[in-house]
Amino acid sequence: MSGLRVSDATIGHPGSGDVVHEVSLEVPVGGVDAVLGASGSGKSTLLLAIAGLLPLRTGEIAVGSDVISSPRRTVPPERRDVGWVPQDASLFPHLSVAQNIAFGLPRGQRDPHGERVRSMLELVELTGFGDRSPADLSGGQAQRVALARALAPAPGIVLLDEPFSALDASLRVGLRREIGRILREAGATALLVTHDQEEAFALADRVSVLREGRLEQTGTAEELFARPRSAWLAAFLGESTLVPATREGDAWATPLGPVPAAPGAVGDERALLIVRPEQLKPYAAGAPITVHDVEYSGHDRLLLASADGVPGTVLMRMPSAVGIVRGAVMPVRIHGTPHAVPLA
Amino acid sequence: MGGARVLAMLGTLAVALLAAPVVYLVVRALGADPLASLPLVLRPRTGALLLTSLGLALLVALAVGALGTLQALLLARLRLPAPRVLLALAALPLAMPSYVAAFGWLGLVPSMQGFWAAWLQLTIVSTPYVTLPVYAALRSAPAGLEIAARSLGRGPIAALRQVTWPIVRPAATAGALLAGLYALADFGVVSLMRVETLSTGIARAMGAGFDRSYAALLGLVLVAAAIALVLLEQRVRRAVPAARVRSAAPLRLGAGRWAPLAIATVLITPLVAIGVPVATLVARALHAQAVRSIEWAELLQTAGTSVSLALVAGILAILLAAPISLLAARHPSPVSRTLEGAATIAHALPGIVVGLSLVFLSLALVPWAYQTIGVLIAAYALLATPRAVGGVRAAIERVPVRYEQLARSLGRRPARAFSSTTGRIAIGGVGVAALLAAVAALKELPATLLLRPTGVDTLATALWARTDVSEYGAAAPFALVLVACAAVPAMLVLATAVERDQDIDLTDRSAAP
């Protein structure tokens, strides 16, 4: 059963054109998924529609078996089973931490010193913080309280809107792990909306990439990186070289030498090969690339290079490259069978 | 959506109520036969009054622009001792009713009469209208701009003039025009200093000859001039660059041996507007004979009347302003902008014109209500509402709409979501707006003179009845109580603003004299 189901949703702000076009996605019960997109991709608009703050123009949104949005009917935010953790936490400044968490509990159970609030504080590891004012919390603590507030009424789905963007880079990774733990411990179904792919892939089981209001592809990190459906997605995810290729029998002819074609790959005459940096290897009889820069990262290094016939930057990963300097010319070839996508 | 429609209807009703008296004034002034009234308008006296009013407004605006900008520059760019105290002192004249300042000076220098005396008084009390917004603009102008200009070969003065001044200029111009507007609308100062302007002309026509048609015509001319000024001010204000990302505030320079001169320049306005008049009034009130003759019972009674009328007016003003402000803050649309714009223009209406219009309107519609407390409260509410609109709007806008959306996602219906978040958080700001609106009503003089029921006295009218020099000692206690009542809430607001180091926001204009 799905926790959240969005089918063919078209959404726009009142008085202006469509921002999201026929997007479909599904989060299974207990799953943590992400919507990844650049600013202007429509991810925030999609979020507002799921929260019930924007109506649908086409399609349907359902939580569990309840349809909560359709072009005919938008269930108001207070009557849909959707929790929301905003970007900046937005804790109610006039209420204490415990009162914030109790805010969404059913009338009669809104006791800031009650069992539910206590267990939520424990869940987010802020036991003893209940009587504090939101102003006295650090950014990460505030974000955890916001999550506790959203989870307290046990919503069918909880939406996380760029929950880490207001924090220092040094705090993000820690809070990200913490939030992943909290969500899974609470058994919550969650949808994370973010522009940061590292965040999306670290926290979510599956990621849906939005491009200009349309769904580009949904999949796990492995699926998206290894088998992107388009050149745009490969370029958006980065970390690979787009090499133009022409079909010659069982092989692709490329500026970096011939490559065996995977069975059932793109049937067209011409395609782009998604070559990951580790798929390029030095090869004495290969095509020359010119190294422009070397980026060191831990135990290996990434060469930024160019080659005749390849429009963008050529990326190549080398373990502890010896004697490679800027301006060096090095013959290489493509190793393995890279994924092919249609020309953009 | 339904909520927005209800608000729009209520807001339209509020604006209609605000506009009704003046619309009726126009109808009445133009009368059945506009051509017949033409000779009346074209009387040389009308021209002379208009010229004096406009000249006074223009010269006050120029002087306030120059002095205010200078004060702001000194406060924003020099390292002076106790900068926040200096800033608060520079803002202080806003709390002083201008006619009380003038009255205080007359106690010291009885010969202080005429156009230039009125010009000086009005300039001094209005200077903060430029000082404060220009100070705020100077402190928030990105420091990088001037540094860039300096690195491109400009000296400090040239960088200030070529890079910073263009950013600050709209704030200075808008503030100066606002000061001009108050000079145009002023009744108390020009009466005391015996200058004949449009507003004293109206009072005279209503008083001695009871020439209502001529009063209505003068009122019309005054309204036209005031609205022209306020439209100009709005146009200039729109040019103020939108709030940008805060960057580091510009550095302050050491003042060195110029510090005393700079401090004196800042302190001249509070000293002249408040220090000297209050000292004179206190001295006169404490004079042995005067102390004995203080009419305690009457003083207490008028203070009570003033405060209660003002509080009722403040609450009414909030009720009238609320739909307009709420709509502007939460459902911006052409409708909300029109309503807010109309309310802002209503701010241009001088007290004397509102009084005059309500005399006509009440006589025409509800003659039995003429000279009852109800019409007087209506006048106060009309005058105070435009001042409350901005304050209420700002209080609501300061609360992110997100809180309401979150409250709804946590199960609250729209009305409950509003009352449990925005309503709770904004209540303090709305209270301050009510207080400022009440103070505007408390200080009101000309409309009260026209509309008060026989036997009812406010602090302002009681003071007015005793402005003869021979009664100075008797008038002083009324003046001092008036200053105390008017200054306390304004001081509280300014103090919190300074303490939080906020830019003191004059766009809501709730602190108008």
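Just a few scattered comments:
- B:A313 surrounded by 24 or more Cβ atoms within 10 Å (Cβ to Cβ) and either closer than 30 Å to A:D161 by Cα or among the small types (G, A, S) (or both): yes
- Qualifying residue in segment A:35-46 (condition: in the same structural domain as A:R206 (by TED's automatic domain parsing), over 18 Å from the mean Cα position of the chain (by Cα) and at pLDDT below 95): no
- Criterion: under 17 Å from A:D81 (Cα atoms) and assigned to a loop (DSSP other than H, G, I, E, B) - qualifying residue of A:L160, A:L105: A:L105
- Qualifying strands (runs of 3 or more DSSP E) (wholly inside segment A:295-335; at least 1 residues being within 23 Å of A:A271 (Cβ to Cβ) and touching a helix residue (DSSP H, G or I) at 6+ places or on another chain (Cβ under 9 Å)): A:314-319, A:329-334
- In segment A:83-101, of all residues being part of a strand (DSSP E or B) and within 8 Å of chain B (Cβ to nearest Cβ), the one that is nearest to B:T422 (Cα to Cα) corresponds to A:W84.
- Enumeration of residues in segment A:205-252 that are touching a His at 6+ places or on another chain (Cβ under 9 Å) and surrounded by fewer than 20 Cβ atoms within 10 Å (Cβ to Cβ): A:E212, A:R214, A:A226, A:R227
- Hey, B:L120 at negative phi, in a helix (DSSP H, G or I) and modelled with pLDDT of 90 or more or not: yes
- A:S44 falls short of the stated requirement of being of a type in the set (S, T, Y), within 17 Å of A:I157 (Cα to Cα), more than 14 Å from chain B (Cβ to nearest Cβ) and surrounded by fewer than 22 Cβ atoms within 10 Å (Cβ to Cβ).
- Residue in segment A:123-131 that is assigned to a helix (DSSP H, G or I) and without any contact (Cβ under 8 Å) to a residue 60 or more places away in the chain present: no
- On inspection, B:S306 passes the criterion of being hydroxyl-bearing (S, T, Y), touching a Leu at 6+ places or on another chain (Cβ under 9 Å) and modelled with pLDDT of 90 or more.
- From B:G391, B:G374, residue being crowded, with 24+ Cβ neighbours inside 10 Å and under 28 Å from the mean Cα position of the chain (by Cα): B:G391
- Residues located in segment A:249-269, provided they are in contact with a Pro (Cβ under 9 Å, 6 or more places away or on another chain) and at pLDDT 85 or above: A:A251, A:W252, A:T254, A:P255, A:V259
- Candidates B:V168, B:V195, B:V189, filtered to the one that is of a type outside the set (D, E), touching a helix residue (DSSP H, G or I) at 6+ places or on another chain (Cβ under 8 Å), at pLDDT 80 or above and not in a helix (DSSP H, G or I): B:V195
- In the condition set (1) under 17 Å from A:T337 (Cβ atoms); (2) of a type in the set (G, A, S); (3) assigned to a strand (DSSP E or B), A:S208 is compliant with all but (1).
- Across segment A:250-257, a minimum of one residue is classified as on the phi > 0 side of the Ramachandran plot and not aliphatic (A, V, I, L, M).
- Some residue of segment A:65-82 being within 28 Å of A:S138 (Cβ to Cβ), more than 13 Å from chain B (Cβ to nearest Cβ) and surrounded by 21 or more Cβ atoms within 10 Å (Cβ to Cβ): no
A quick yes/no check of all residues on (1) of a type outside the set (K, R); (2) over 17 Å from B:W105 (Cα atoms); (3) free of Cβ contacts under 8 Å to residues at least 60 places away in the same chain:
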| residue | (1), (2), (3) |
| --- | --- |
| B:I427 | yes, yes, yes |
| B:V430 | yes, yes, no |
| B:L442 | yes, yes, no |
| B:L451 | yes, yes, no |
| B:A474 | yes, no, no |
| B:A484 | yes, yes, yes |
| B:A487 | yes, yes, no |
| B:M491 | yes, yes, no |
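- Whichever residue in segment B:397-416 is farther than 19 Å from A:D88 by Cα and not in a loop (DSSP other than H, G, I, E, B) and, among such residues, is farthest from the other protein chains (Cβ to nearest Cβ): B:A415
- Residue check, B:A321 buried (at least 16 other Cβ atoms within 10 Å of the Cβ), of a type in the set (A, V, I, L, M, F, W, C), at pLDDT below 85 and touching a helix residue (DSSP H, G or I) at 6+ places or on another chain (Cβ under 6 Å): no
- Positions within segment B:265-294 being more than 21 Å from the chain's Cα centre (by Cα), polar (S, T, N, Q) and at pLDDT 85 or above, in sequence order: B:T265, B:T280
- Condition broken by A:R107, with the remaining ones in (1) within 14 Å of chain B (Cβ to nearest Cβ); (2) surrounded by 14 or more Cβ atoms within 10 Å (Cβ to Cβ); (3) of a type in the set (K, R) satisfied: (2)
The values are calculated or read from the model by the stated rules, or taken from the named source; none is laboratory data. What you are looking at is a predicted structure, and each value in this text was computed from that prediction instead of being measured. Reconstructed Cβ throughout: ideal geometry from the backbone, glycine too, with neighbour counts over all protein chains shown.
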